[in-house]
Structures are given as structure tokens and as C-alpha cells.
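S.K.: Please read through the structure below; I'll follow up with questions.
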Amino acid sequence: MRITDVKTVLLTGPCTGDPYLSEARKRRSAAFIEIYTDTELIGIGETYTGYFIPEAVPEIVEFFKPVLVGNTVDNIDLLWNRMYQCGNFWCRNGMCCRG
């Protein structure tokens, strides 16, 4: 089974009735990453970055897409290591926002 595509799905909606969350934020976002294969199977994952800065997720996914597309899904450790090496400099630092 080979990876044929990687896509981002961003969702934003109103916050729940949580009184602590509602005071700070009126809307809530999430980012999902879909991994398409040459079969009917589609993998899906979520990133915490989508909660804080969803606009950045599609660009990050596009950066890593060439590392994944065309590879088989039978060795996740190898794919993870390839992604790690490709983003070795900036991925280790995490994301931060300063005001």
C-alpha cells in the first residue's frame, strides 16, 4: 500500500459551553491530516498546532508531502525518521508565538 496524497482539513467553529474556555476564546479550531493510499484506506491524524495556529498547518503538510508520497505505509518508523531529518533544523524547536 503506497501513499498517494497528503491533505489538510481545517475546521473552525464556536467554542463549547465550557465557561473557562469561553472567556478566552469565542471560536475553536482543529487541523486534521489525511493520508491517502492507492487502496480505499485513508489515514487521519490531528495536530495540536491546529488548535493554536491552524493557518500554518497546510504549509507544514506541503513541506513534508514529498517525503511521504510514493512510499509504502509498512514502515512508519522509517517515514517518521525521514520527516525528522528533512526538518531537522527547524522542527526540533517547536512553534512559538511572541507578542
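The values are calculated or read from the model by the stated rules, or taken from the named source; none is laboratory data. As the structure is a computational prediction, the values presented were derived from the model and not from experiment. Methodologically, a virtual Cβ is constructed for each residue, glycine included, from the backbone with ideal geometry; neighbour enumeration extends over all protein chains shown. Surface accessibility is based on the protein's heavy atoms, side chains included, excluding ligands, DNA and RNA. Shrake-Rupley method; radii C 1.70, N 1.55, O 1.52, S 1.80 Å.
S.K.: Can you report the number of residues in the stretch 1-23 which are open to solvent by less than 80 Å² (accessible area, probe 1.4 Å), over 13 Å from THR47 (Cβ atoms) and at pLDDT 95 or above?
M.R.: The total comes to 3.
S.K.: For the stretch 42-62, state whether one or more residues are open to solvent by 90 Å² or more (accessible area, probe 1.4 Å), at pLDDT 85 or above, part of a helix (DSSP H, G or I) and of a type in the set (Val, Ile, Thr).
M.R.: no
S.K.: Quick check on LYS26: is it of a type outside the set (Ser, Thr, Tyr), at pLDDT 95 or above and either open to solvent by 80 Å² or more (accessible area, probe 1.4 Å) or closer than 16 Å to LEU68 by Cβ (or both)?
M.R.: No.
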